Amino acid sequence: MQEAILKVTNLKKYFKTKKGTVHAVDGVSFSIEKGKTLGIVGESGCGKSTTGRAILRLVEPTDGEVIFEGIDVTKADKKQLSALRRDMQIVFQDPFSSVNPRMTVSQLIAEPLVVNKIYKGRGSKQQIEDRVLELMDTVGLARRLYNSYPHELDGGRRQRIGIARALAMNPKFIVCDEPVSALDVSIQAQILNLMKELQNSLQLTYIFITHNLSVVNHFADEIAVMYLGSLVEKAPVKELFDHPMHPYTQALLSAIPVPEITENEEEILIKGEITSPVNLPEECRFYSRCSYACELCKKGRPELQEVRPGHFVACRRIHDVRMEEKRI
Amino acid sequence: MDRVEKSCKNSAGVRQNRALAVWRQFRRNKGAMIGLIITAALILLAVSADFIWDYETDVIGMNIADRMISPGTKYLFGTDNYGRDMLARVGYGARYSLVIGAVSVLFGLFVGVPIGTSAGYLGGRYDTIIMRMIDAFSIVPSILLTILMVTVLGTSLLNLMIALAISTIPIFARITRASVLTVRYNEYIESAKAIGASDFYIITKYIIPNCFSPILVQATLRMGTNIISAAGLSYIGLGVALPTPEWGALLSASKQFIIQAPYLCFFPGLAIMITVMSINLVGDGLRDALDPKLKR
Ligand SMILES: Nc1ncnc2c1ncn2[C@@H]1O[C@H](COP(=O)(O)OP(=O)(O)OP(=O)(O)O)[C@@H](O)[C@H]1O
Ligand code: SF4
Ligand SMILES: [Mg+2]
């Protein structure tokens with residue numbers, strides 16, 4: 001087994017708000033091997049973006065460890081952090097709000113090079129220009145767009161700017177925060193293919209955040225399912241799709257439209273609303289919506305347990321759930 | 001390798017274009033243009049006052065023979081009870097009003113903008129404490145605050161400017177903070193952070209340019225207000241003292257002659273009114289020209 005490039009242990013991020021403390025991320029642990037992709041899947045508001053941001057320290061984690069290539073990101077000082085930011089990058093969810101509207105395409109892509117003072121002295125202007133053009137080629141932005149403004153471009157091209165910015169410093173690891181969810185379906189596939197190609201050619205490690213399981217289906221190596229700030233299931237992709245075990249994952253999977261028409265695959269509807277992550281009671285977080293819930297589930301929060309090799313589930317009644325799975 | 005044409009579209013060019021667009025918009029506004037011309041003329045007058053009049057003889061020197069002459073061909077604005085030419089006095093006075101207005105606003109900016117920027121950018125408890133203090137300051141009407149400060153500091157031109165400046169700080173702090181907040185939580189700020197930009201870089205490159213327009217407009221309008229306040233304070237004897245020909249002080253000295261020589265009050269009053277009005281016209285014009293929502 002290869003060594004993990006990133007190891008996250010018990011990561012927590014609480015937001016203090018007027019309504020109470022929001023447990024946006026509440027004890028998330030996982031690790032990723034070099035060159036692999038971990039998909040993080042979950043409903044809107046379950047803390048996916050916050051997890052990604054906390055890993056990069058764009059928000060200060062409340063607690064926990066993030067070890068990237070042996071360095072604890074959460075304890076890095078300013079200098080270490082700026083070095084880490086070259087290796088760890090992020091592509092944002094919304095390509096419309098994540099680029100500065102006052103800057104041109106070339107200025108946006110050059111910014112990481114300028115900010116980090118990669119090229120110095122005479123000729124640096126030329127070097128930056130060359131690098132920007134090279135990056136534009138890499139992400140498939142036509143060179144004629146060099147001086148365009150973001151508002152002149154569609155979402156897909158804007159997202160390509162975001163990707164070029166992330167790539168500018170030759171990172172090793174990128175958090176892709178729902179990079180296609182704001183795009184037209186026709187463009188989604190293009191961007192996904194681009195990211196896949198980039199991963200292969202540049203040996204990138206990805207965390208791929210999405211609320212749509214079908215997006216990570218042929219992309220991720222491993223999938224972590226997130227619910228209200230914590231992971232409820234984690235398994236290699238095929239394993240997860242073939243044997244989803246957590247009641248929440250099962251519900252998520254049954255919500256994916258399946259092309260062929262089968263009769264017995266009825267959709268398991270999730271009852272009720274997502275509980276808000278404020279002042280949660282000490283019970284299984286999925287309790288109020290789970291169709292398997294019983295008294296047992298009210299006694300504390302279930303931890304992730306390995307039920308099959310590499311397959312972790314956080315559910316107290318996992319054996320009953322699996323029994324039922326066999327019966328169907 | 002094909003080079004990209006970058007004829008005029010580098011960043012300086014872009015900024016120039018924007019300034020040009022604002023100027024075009026501004027020029028269309030008749031009132032604003034009149035205001036601008038008058039303001040420019042007043043500035044010219046203030047700068048060249050020493051070449052036109054000699055302070056010792058023309059402005060404060062007495063000439064008892066020519067006392068209380070009504071406006072006419074010899075003395076366009078008439079003379080006062082010491083026989084001083086009111087044209088020279090009022091003209092020279094432009095200097096005081098403009099300097100008081102400009103200095104107090106600049107000082108207010110110098111202190112208020114960093115306060116507002118840091119409060120908006122850092123947020124949290126720092127923001128709360130700073131803004132509470134600013135609020136406490138602003139509960140007192142700014143003219144009362146100024147009076148209080150002049151009383152404490154003593155009356156002089158410098159103290160008057162300091163007092164006006166201090167009462168201007170909260171306004172700039174508040175307006176800066178508000179416009180910082182409108183950009184602060186944009187995702188592109190986070191994106192800049194992610195590529196390794198320092199706070200200093202983010203503030204200077206992203207935040208300040210976004211706050212520039214509202215601050216410029218407010219600064220112009222505030223200059224008008226401060227000129228009025230200064231005149232008012234001089235009028236009640238808390239500002240510049242006679243024989244300095246500050247307009248408020250001139251008004252104050254002339255009020256006892258309002259029946260027999262109303263022109264003594266009329267010209268300083270008119271000067272204050274015209275100055276403040278033209279500065280306000282410029283401010284309003286700037287506001288309209290800079291507001292992208294009003295662009296047709
Ligand atoms: N700065 C903040 N202050 C307070 N609460 C926040 C803040 N940022 C996020 N939250 C809350 O934390 C929770 C998780 O937010 P997050 O953005 O991580 O969700 P998400 O899974 O990325 O959702 P989406 O799919 O909508 O992007 C939400 O309940 C959100 O309201
Ligand atoms: S522990 Fe209970 S409530 Fe939670 S998911 Fe399992 S069965 Fe449902
Ligand atoms: Mg999100």
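Descriptive notes on the structure:
- Accessible area in the full protein assembly, largest first, 1.4 Å probe, for A:Thr74, B:Thr73, B:Thr168: B:Thr73, A:Thr74, B:Thr168
- Label-point separation in nm, B:Leu148 to B:Phe110, each point 7 Å along Cα→Cβ: 2.4 nm
- Cubic angstrom per residue, convex hull over Cα atoms of the protein assembly as shown: 215 Å³
- Heavy-atom accessible area, probed at 1.4 angstrom with all protein chains present, ranks A:Asp77, A:Asp130 as A:Asp77, A:Asp130, highest first.
- For chain A, the 222 nm mean residue ellipticity estimated from helices alone, with every DSSP H stretch of n ≥ 4 adding -39500 (n - 2.57) and the total spread over all residues, rounds to -9500 deg cm²/dmol.
- At R0 = 25 Å, FRET efficiency that the Cβ-Cβ distance of A:Ser124 and A:His151 yields, to 0.05: 0.30
- Theoretical gain in end-to-end length, B:Arg132 to B:Thr57 [0.36 nm per residue, Cα-Cα removed]: 21.9 nm
- Candidate residues A:His311, A:His23, A:His151: accessible-area rank, largest first, probe 1.4 Å: A:His151, A:His23, A:His311
- Put simply, the amide H of A:Asp72, placed in the peptide plane, has no neighbours under 5 Å, leaving out anything fewer than 5 places away on its chain.
- C-alpha long axis of helix B:11-27 to longest principal axis of chain B, angle in °: 40 degrees
- For the stretch B:205-218, 3J(HN,Hα) per residue [Karplus equation, 6.51 cos²θ - 1.76 cosθ + 1.60, θ = phi - 60°, Hz, x = Gly/Pro]: 8, 10, 7, 4, x, 6, 8, 4, 4, x, 5, 4, 4, 4
- With a Förster radius of 22 Å applied to the C-beta separation of B:Ser70 and B:Asp50, the computed FRET efficiency comes to 0.20.
- Rounded to the nearest 10 degrees, the angle from helix A:318-327 to the longest Cα principal axis of chain A is 80 degrees.
- Note on B:Ile139 and A:Phe96: their simple-model spin labels are 4.3 nm apart, each label 7 Å out from Cα toward Cβ.
- Computed from phi, the 3J(HN,Hα) profile of the stretch B:37-54 under the Karplus parametrisation 6.51, -1.76, 1.60 (θ = phi - 60°) reads 5, 5, 4, 4, 4, 5, 5, 4, 4, 5, 5, 9, 3, 5, 7, 7, 10, 8 Hz, with x in place of Gly and Pro.
- Each stretch of four or more DSSP H residues adds -39500 (n - 2.57); spread over every residue of chain B, this sum gives -24500 deg cm²/dmol at 222 nm.
- Rounded to 10°, Cα long-axis angle of helix B:124-139 versus longest principal axis of chain B: 20 degrees
- Reciprocal mean inverse distance between Cα atoms of the stretch A:4-227 - Kirkwood radius, Å: 18.1 Å
- Amide H contacts of A:Cys176: A:Val91, A:Ile207, A:Phe208, A:Ile209, each under 5 Å away and 5 or more positions distant or on a separate chain (H built 1.01 Å from N in the peptide plane; Pro and chain starts excluded).
- For chain A: relative contact order, % (alpha-carbon pairs under 8 angstrom, 6 or more apart): 20 percent
- Divide the volume of the convex hull around the Cα atoms of the stretch B:18-295 by the residue count and you get 154 Å³ per residue.
- 26 Å Cα-Cα reach of B:Lys255 towards lysines, excluding residues that sit fewer than 8 places from it in its own chain: B:Lys74
- Whichever aspartates and glutamates have a C-alpha closer than 18 Å to that of A:Lys79, once near sequence neighbours (fewer than 8 apart) are set aside: A:Glu60, A:Glu69, A:Asp87, B:Asp199
- Sites B:Ser156 and B:Lys255 - FRET efficiency at Förster radius 30 Å, r taken between beta-carbons, to 0.05: 0.85
The values are calculated or read from the model by the stated rules, or taken from the named source; none is laboratory data. As the structure is a computational prediction, the values presented were derived from the model and not from experiment. Quick reminder, even Gly has a Cβ in these numbers, built from the backbone with ideal geometry, and neighbours come from all protein chains shown. For the accessible areas, the whole protein counts, side chains as well, though only heavy atoms, and no ligand, DNA or RNA atoms are used. Shrake-Rupley method; radii C 1.70, N 1.55, O 1.52, S 1.80 Å.
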